[in-house]
Each structure stands twice: as C-alpha cells, then as structure tokens.
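Have a look at the structure below before the remarks.
The values are calculated or read from the model by the stated rules, or taken from the named source; none is laboratory data. The structure displayed is predicted, hence computed values, not measured ones. Don't worry about glycine lacking a Cβ; one is built from the backbone with ideal geometry, like all the others, and counts go over all protein chains shown. Protein only, heavy atoms only, side chains kept; ligands, DNA and RNA dropped before computing areas. Shrake-Rupley method; radii C 1.70, N 1.55, O 1.52, S 1.80 Å.
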Amino acid sequence: MQAVLVMAACAASSSPSRAIELECVMSAWSSSAVHDQAGVDRILREAFSKEETLAWVEANLPNESGMTHTKDGRAMPTKRAEALCFVYRGRPTARVANEHDDGQGPALFEDVFARVFVATRDRLQQIKHDDHGTPEEKDQLVSLMTGPEGALMPGLFISQIGATPDSQLEEAEAQG
C-alpha cells in the first residue's frame, strides 16, 4: 500500500522531471519493504490492475513483443508489462524521435529498470521456493534488493544530462 501512496504523491506533482519520476519509482520500491516475489507482485497489483495494465500496453506499446500472454483464454499482461506500466506510472511512453532513438517502444532507462525489477522478482521467487533459511540466502536477498537501486542510479545521472537550463550553461561558459 505504501508504494501506491508514494506513486500517487508523485503523480500529483505538476510536470515532474524524468529524474523526479524515476526517484518516485525508486521511493515506491524502497518504501514497500519488499522481501520476496509476493511483495513485488503486490506493488504491481496495487499500483495498476491487470485490466489497467492491458489498456496501458494497448495504448502505449501495442507493437512491443512480450507484453502479453494468454491464460485460460484471456489476454494477461506479462510481469515486464506490469513493471513498465509501474515505472511509467501509467503515463504515456511517447517521446520525440531523434538520431539515436526512433521514439517507439519503452525508453532505454525505463526498460532497463523494468527488466531489473522483473529479474529481481524472478530471483526472489526462486529463493522463496528453495528457502533453507541459510545465511547465504540472506546475503542473496540483500544483494537482490540493491539491483533496482543499481539500475536506477545511472538513469538518474544520465537523465540530468541536458537538464540544465540554457541560461545556466551560458552563465557557466561566460565565467569560463
């Protein structure tokens, strides 16, 4: 529930920067006391229902492979789709195309974070099923929890490149 509250507070901020949005996602992750795959699933489920995620995928990533699967004759979002919807906070993925990015599909850092999120969830699930209560497993859990943070830090750093207003750059160049 805390993750949803953090995400709601972040969504309420007016036009947050990409770095702030990523910080909000990380805050939601870290505020959730995630200790197993069920905790990750709970974050995703509380943030967006399966139906909301499917609608988001259809609206934002209709041509992206691996976003849905069929279960009991019904389309269901994959964990990657749920993680991307969470990372984007249900907002559009649209961005301006440039020479390095065609503007289609998930943006690099959001996709990396979502993939790390899912990989962490999958590994937590494996540890849960193989649980023997050993100190090694505790060490693995601690290591796993740093994965999303490690994926986020380069994203926060790089998202700030070019975020400095032109007036500040001109002032810095003038000071020489």
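Of the residues Arg91, Arg95, Arg115, which is at pLDDT 85 or above, open to solvent by 40 Å² or more (accessible area, probe 1.4 Å), in contact with a Gly (Cβ under 6 Å, 6 or more places away or on another chain) and charged (D, E, K, R)?
Answer to the selection: Arg95.
Does Gly133 qualify as being part of a loop (DSSP other than H, G, I, E, B), open to solvent by less than 60 Å² (accessible area, probe 1.4 Å) and among the small types (Gly, Ala, Ser)?
no
Kindly provide the set of residues from the stretch 42-67 that are open to solvent by less than 50 Å² (accessible area, probe 1.4 Å) and of a type in the set (A, V, I, L, M, F, W, C), ordered by number.
Correct list: Ile43, Leu44, Ala47, Phe48, Leu54, Trp56, Val57, Leu61, Met67.
Just for the stretch 39-96: of the residues that are assigned to a helix (DSSP H, G or I) and β-branched (Val, Ile, Thr), which one is nearest to Leu108 (Cα to Cα)?
Val87
Can you tell me which residue within the stretch 68-88, out of those that are open to solvent by 20 Å² or more (accessible area, probe 1.4 Å), modelled with pLDDT of 90 or more and under 18 Å from the mean Cα position of the chain (by Cα), is farthest from Phe117 (Cα to Cα)?
The qualifying residue farthest from Phe117 (Cα to Cα) is Thr68.
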